Amino acid sequence: MSISFEAFSNVHQQDPYPVYRELRDHAPVHRSDESGVFVLSRHEDVAWAFKSPELFSSKLDNRKRIQTEGFAGIVTGLRLLMKLVTRLRVSPRHAANGRMLIQEDGDVHQAMRSIVNRGFTPNRIAAWEPRVREIAGACMDDLCAQREFDFVQALAIPLPVTMIAELLGVEPARRRDFKRWSDLIVEASTNSGPDRQIDLSMIDVLGDMNAYLRPIIRERRARPTGDLVSILVEAQEAEAGLSDHEVFMFIFLLMLAGNETTTNLLGNAVDALLEHPEQLDRVATDPSLIPALIEETLRYDAPVQQLTRRVTREVKLHGVTLEPESEVQLLIGSANRDERRFPDPDRFDLSRDTKGHLGFGFGVHFCLGASLARLEAKAALEALVPRLPGLARVRPELELLPSNVLRGRSRLELKVA
């Protein structure tokens, strides 16, 4: 059976789950025609790849990608590098070789992750809960004063953006900038074209972020405050392990992951409840089901649908040979709907045993901000769900992010029914 599925296309974005099922049933290892990227779609295979970083590396070879794209690719790569050097005021060596947590493996990844883990200990998460609930409550006060509103703009965005900005020590006046930077980076770096060229405008966004953050990094080095930036700078001073550019890239990653995941999780959860009124009635009657709602949403409509890995040596899977240095796309959204792991997977059910879902990844790269995202989602949904049965969508169409990697609602307009 021939299946048309391109790993970096938005063709199936509105409802990718039927084609995911076709892949699982007929082509569990599928090679995309345009990009040549392999696609893994079954839960067992995706989980195995996540927990086998020695075979499926997070460290992608961008130089190889540029070489395979020929002269045009080399020219584009050089343009990117020179613009990065200019806008970020960083040496070409650091721009080309700077480490980033989600693109490292082995000891390097473990050392970098241990630094950030200091900012996400259970005690710190518990200490943040009152503030998370305060922010959610303030958003709900504004929301309740309106008969019609966009849930994404009214609650799903402000809560995580405010929280991660406060944790990074960003003043309130610049939080809108943080969200704008995040949106532009997501749009530019997760485009749907098979060449996946990074938009040069993204370098301008990074340059604006860098111009803002450099003085903060210098200030924290002189006078630490205990925020996440101070933790990164203190690790840099004590262990000489991070360059200034790598500290900046750490902050960039925390900003991006710290708001996009929760925003999309909240939008997907509310949309799923509106689509399944019997489940909405259950959780509205029994708010203790909200943690189950969060986990079922992560399974049913994962905020991150796919991640890329690089094959380090020849792998044979389902009769297909994955050559060394080839790229593999791990379909999280498909794995979470695999009937081999979750019976009747297309049913949204708060009674389901969701253990083993891959909504936050798996293995050594499991999302380090998962606890914070769950806390934010719980506080927001506990505040919203009692009112949700009295609300209805303004329009039935799904308005989704323009991304082949992230799945979330760009807008979710609601009105008093």
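Out of the residues in the stretch 194-239 meeting the condition of being basic (Lys, Arg) and either at pLDDT 80 or above or assigned to a helix (DSSP H, G or I) (or both), tell me which one is nearest to residue 184 (Cα to Cα). Even if it seems obvious, please write down each step before you answer.
Filtering the stretch 194-239 for residues basic (Lys, Arg) gives 196, 214, 218, 220-221, 223.
Retained after the next criterion (residues that are either at pLDDT 80 or above or assigned to a helix (DSSP H, G or I) (or both)): 214, 218, 220-221, 223.
Working: 214: 20, 218: 26, 220: 27, 221: 29, 223: 32 Å.
Restricting to residues being basic (Lys, Arg) and either at pLDDT 80 or above or assigned to a helix (DSSP H, G or I) (or both), the top hit is 214.
Considering only residues that are in a helix (DSSP H, G or I) and touching a His at 6+ places or on another chain (Cβ under 7 Å), look in the stretch 327-371 and name the one that is nearest to residue 257 (Cα to Cα).
Kept after step one, since they are in a helix (DSSP H, G or I), are these residues of the stretch 327-371: 332-335, 363-365, 370-371.
Subsequent filtering for residues that are touching a His at 6+ places or on another chain (Cβ under 7 Å) retains 335, 364.
Details: 335: 21, 364: 17 Å.
In this case the residue turns out to be 364.
Restricting the stretch 85-121 to residues that are more than 20 Å from residue 232 (Cβ to Cβ) and at pLDDT 80 or above, which is surrounded by the fewest Cβ atoms within 10 Å (Cβ to Cβ)? Quick ask: steps written out before the conclusion?
Just the residues of the stretch 85-121 that are more than 20 Å from residue 232 (Cβ to Cβ), to begin with: 85-87, 92-93, 96, 105-106.
Checking the rest, the ones that are also at pLDDT 80 or above come to 105-106.
Values: 105: 18, 106: 13.
Applying the filter and picking the extreme gives 106.
Condition first: touching a strand residue (DSSP E or B) at 6+ places or on another chain (Cβ under 7 Å), of a type in the set (S, T, N, Q) and under 26 Å from residue 314 (Cβ atoms). Now tell me which residues in the stretch 1-45 satisfy that.
Residues satisfying the conditions are 32, 41.
Which members of the stretch 118-133 meet the condition of being within 14 Å of residue 370 (Cα to Cα), free of Cβ contacts under 8 Å to residues at least 24 places away in the same chain and not aliphatic (A, V, I, L, M)?
121, 124
Scan the stretch 46-69 and give yes if some residue there is part of a loop (DSSP other than H, G, I, E, B), β-branched (Val, Ile, Thr), modelled with pLDDT under 95 and under 26 Å from residue 312 (Cα atoms), otherwise no.
Step one: filter the stretch 46-69 for residues part of a loop (DSSP other than H, G, I, E, B), giving 51-55, 58-61, 69.
Among the residues that remain, those that are also β-branched (Val, Ile, Thr) are: none.
No, every residue in the stretch 46-69 fails to be part of a loop (DSSP other than H, G, I, E, B), β-branched (Val, Ile, Thr), modelled with pLDDT under 95 and under 26 Å from residue 312 (Cα atoms).
Can you tell me which residue within the stretch 164-175, out of those that are surrounded by fewer than 24 Cβ atoms within 10 Å (Cβ to Cβ) and aliphatic (A, V, I, L, M), is farthest from residue 220 (Cα to Cα)? So that I can check it myself, show each step before the final result.
Here is the first cut: in the stretch 164-175, the residues surrounded by fewer than 24 Cβ atoms within 10 Å (Cβ to Cβ) are 165-175.
Filter again for aliphatic (A, V, I, L, M), leaving 165, 167-168, 170, 173.
Numbers: 165: 15, 167: 13, 168: 11, 170: 12, 173: 19 Å.
So the residue we want is 173.
The values are calculated or read from the model by the stated rules, or taken from the named source; none is laboratory data. Since the model is a prediction, treat every value here as computed from it, not as a measurement. Backbone-built Cβ (ideal geometry, glycine too); neighbour counts: all protein chains shown.
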